[in-house]
Amino acid sequence: MSSDLSSNDSSKPPSAAGSTEAWRAEKGRKAVYLDYAATTPVDPRVAQKMSACLLVEGNFGNPASHSHVYGWQADEAVEEARTQVAALLNADPREIVWTSGATESDNLALKGVADNATRRHIVTSAIEHKAVLDTCEYLAQKGFEITYLEPGRDGIIAPEQVAEALRTDTLIVSIMHANNEIGVVNDIAAIAQVCRDAGVLIHTDAAQSAGKVPIDVQTMPLDMISLSAHKIYGPKGMGALYVRREPPVKLSPLIHGGGHERGMRSGTLATHQIVGMGEASAILTRDMVGENERILGLRQRLWSHLLQIPGVSMNGSESQRLPGLLNVGFAGVDGETLLLALDDVALSSGSACTSASVEPSYVLRAIGVPEILAHASLRFTVGRYTTQDDVDYVATRVAQVVQTLRDRPAALGG
């Protein structure tokens, strides 16, 4: 990578160039944030609800302290939040188990049903989140056989693929609802029906889809659903696992000590975090349709701009995807160089959970994207606080930088 992309250190991230404030002053504007798939900012309405559960004047009690009013109030707040999260899925509040995030939820779902199971076969896909893939690898070391379904070029796992992979000893199928890197959305309702008809458990990681795509457990026979608060404008470190009550799912806990959450997840409940996830869910339950229409319009506007750049391609299905996510390949440009040069735009070259890797995205490779183009692909995600001006600015900046890099082969090490 050439060092002559910028005349000074302003091409470096704030941690390298100095304080964030100094970087912003030098650049003349705040960086545009288009990395909502990595994390969302906490909605001010959510933060306000959370702050009321922290200080001595507020609702700071332990929800498990049932001998005084402070504990009762905290418990009431927790149960109200449970109802709010359940409403996002049209579920029974008793089917919501609090966790620290979708990663723990994925682990609890898979390890929890695998514990003492007689069936020893698991079906998943090659492009699941690492929280599922690494858990499956762990279970393989414990004697389970794992079938990894390969997606098509569109990134979709078809219900027919799942049906063909099922065996008499299949314990559970774990297929994500929406992919975190390319944004494609699987027909999880049809996949769930395939599993229900075969008497096989079905789990889906819905961290990216909850609040963006309707999920109704009354019509979708899903057994377990992983959720994450920080993908829906709630706090980091908070999540939930939906566990169906009828027919019941037998689930062993990962964490022991007190039997909280109906024995499925022990530990003192973080009232403020839970209340935050509840409020974030309530906002989306109310505003999801209108919000996602606006976000879809911004995503389409961004894509129409990017299409004007020669050698641009979309990775994954164009029609069957989340409203706010694009994964775009830029032929003839190194993705990391492009990402660094776009120092006033917050983007990603893949999942935030695999950002330490210099290898091309395993998701892009699995859907047949050539390695050189996989290295030249970026993920754009618009969200609640994205404006039309943001989208137009980013598109202009990307076009400028791509052209500059293509005109200067030395910048690519050539």
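Against the main long axis of the alpha-carbon atoms of the chain, helix 271-306 sits at an angle near 30°. So what's the net charge close to SER100: Lys and Arg +1, Asp and Glu -1, counting the other residues with Cβ under 10 Å from its Cβ? Summing Lys/Arg as +1 and Asp/Glu as -1 gives +1.
Of all DSSP beta bridges in region 44-283, what percent run antiparallel (nearest 5)? Of those bridges, close to 40 percent are antiparallel.
Between the residues THR204, SER348, HIS68, the greatest Cα displacement towards the positive end of the dipole of the chain, with unit charges on the Cβ of Lys, Arg, Asp and Glu, is found for HIS68. Residue order for LEU339, LEU306, fewest other beta carbons within 10 angstrom first, comes to LEU339, LEU306. Under the simplified labelling scheme, the GLU80-THR39 pair shows an inter-label distance of 2.7 nm, with each label point 7 Å from Cα along Cα→Cβ.
Dividing the helix sum by the residues of the chain, where each DSSP H run of 4 or more adds -39500 (n - 2.57), gives a mean residue ellipticity at 222 nm of -11500 deg cm²/dmol. The calculated FRET efficiency for the pair ARG262 and ARG365, based on their C-beta separation and a Förster distance of 51 Å, comes to about 0.80. Going from the fewest other Cβ atoms within 10 Å to the most, the residues TRP72, TRP98, TRP303 appear in the order TRP72, TRP303, TRP98. For the pair SER51 and ALA331, a Förster radius of 41 Å applied to the C-beta separation gives a FRET efficiency near 0.30, rounded to the nearest 0.05.
Using a cut-off of 11 Å between beta-carbons, work out the net charge of the residues near LEU296 (Lys and Arg +1, Asp and Glu -1, LEU296 not included). With Lys, Arg at +1 and Asp, Glu at -1, the net is +3.
Computed about its Cα centre, the charge dipole of region 44-283 is approximately 320 debye, with only Lys, Arg, Asp and Glu carrying charge at their Cβ. Of all the options ALA206, ALA192, ALA87, the one that moves most in a Gaussian network model of the chain with Cα springs shorter than 10 angstrom is ALA87. Region 219-267: which trypsin sites (Lys or Arg not before Pro) are DSSP loop and have at most 15 other beta-carbon atoms within 10 angstrom? Passing both the DSSP loop test and the Cβ count: ARG245, LYS250.
Look at CYS53, CYS195 and count the other Cβ atoms within 10 Å of each Cβ; fewest to most, that gives CYS53, CYS195.
Readers should treat all values here as calculations from the given coordinates under stated rules, not as data from a laboratory. Here the structure is a predicted model, which means the values were calculated and not measured. Glycine gets a Cβ as well: all are built from the backbone with ideal geometry, and neighbour counts include every protein chain shown.
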